[in-house]
Amino acid sequence: MFPIHDDAGRTQGRPYVNYSLIVLNAVVFTWEVLTTNNFTAGRATAQLYFEYGAIPRLVLAGDIPRVVTSMFIHGGILHIAGNMIFLYVFGDNVEDRFGHLKYLALYIIWGIFAALIHSIYALSTGMADVPAIGASGAISGVLGTYLILFPRARIYTIIVVFFITTVRIPALAFLPFWFILQIIFSLIGQSGGVAYLAHIGGFIAGVGTGFAWKYLVSRRQPSLVRPVRQIQKLRPKIEDVDPSLEPEVIEGDDFFEIIAHIHGISAPSDIHATYEPELKRVRISTIGQRRYELFAKLPESAANPIVEHIDYLNGIAKIHLRK
């Protein structure tokens, strides 16, 4: 299974940190290829891994800088391609939820936690001096957090069996399945030199971060609306939304903009917009104390537009989609 993109919209603009991480990994990999003659120079390759990789014995002794450098070293084109695809698909929404600086800090923390878990395992199996490389531990943290913060998102996935097809798999199914595979592979053994314990450790750290953010941090943030008890009588059920408030769709040269009346929402992050290609419409739903579900019909000419950002002010939500 190869994820290609998801349908979870962003609200805070472009994920510059996520893009920068992908570019930095690509630049470092290019340097690796040049230094090792495309990994054919055995001595140069080994020297690179031992100099910048996360050696378990040293990691457990507190050599954290080595962990950080190992997160940008990869062992081949398939290694980096797989990691960067997952980072591209899932990282932008996690950055959107946390903000640029918090996301960067958490990415590094997840990578460190993953390296520690792997190092403990490696020490117990006689691999204390074998360097570990790759961003997969930190990216596993991204996946774990994504699962908690965006469980309803659908992942557009390429399936290769006897044929190639594309399906939409809910994050609530895709990511737990991925995690179970890591557990199975770790029980079978670290075949192919893959540090599955790092994946497991990073994913668990990400899940913990997601729960902490969702149920502790975000609930303590000040609300921008009146207390719930003051608007209790005005709270509509999903099926009771006034049909006269049907969202308005504005079409530009390269975008659609949907304007919807949604009251009682504290932040743009409470609004989710999902494009449904079969019906040529956008499903708009909210979370929190007041729940809405609205639908905006797009023109028949719409060809899989992407939700770029969501703005919200004084009861008006503006959902911008790029054609």
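Summary table
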quantity	calculated
Within a Gaussian network of the chain (alpha carbon springs, distance under 10 Å), most fluctuating of His272, His199, His263	His263
Magnitude of the charge dipole, the chain, Cβ model with Lys/Arg +1 and Asp/Glu -1, debye to 20	960 debye
For the chain: relative contact order, % (alpha-carbon pairs under 8 angstrom, 6 or more apart)	19 percent
Computed over the stretch 94-225: relative contact order in percent, which uses C-alpha pairs under 8 Å that are six or more apart	33 percent
Tensor-based shape of the stretch 29-100 (alpha-carbon gyration tensor, a/c under 1.5 rounded, otherwise prolate or oblate)	oblate
Point-charge dipole on Cβ atoms (K/R +1, D/E -1) for the stretch 64-163, about Cα centre, debye to 20	180 debye
For Pro176, net neighbour charge (Lys/Arg +1, Asp/Glu -1) across residues whose Cβ lies under 15 Å away	+2
Selected from Glu248, Glu32, Glu278 as most flexible by GNM, with the chain as the system and alpha-carbon contacts under 10 Å	Glu278
Estimated [θ] at 222 nm from DSSP helical runs (n ≥ 4, -39500 (n - 2.57)) normalised by residues in the chain, nearest 500	-14000 deg cm²/dmol
Rg over Rh [alpha-carbon atoms, Kirkwood Rh] for the stretch 165-218	1.09
For Ser70, Ser140, Ser301, order by how many other beta-carbon atoms lie within 10 Å, fewest first	Ser301, Ser70, Ser140
Most fluctuating residue given options Leu116, Leu279, Leu24, as computed from a GNM of the chain linking Cα atoms under 10 Å	Leu279
Under 19 Å between alpha carbons - lysine pairs in the chain that sit 8 or more apart or on different chains	6
Convex hull volume of the chain per residue (C-alpha atoms, cubic angstrom)	161 Å³
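Quick note: the coordinates plus some simple rules give every number you see, no bench work behind them. This is a predicted model, so every value here is computed, not measured. Note: ideal-geometry Cβ built from the backbone for every residue, glycine included; neighbour counts use all protein chains shown.
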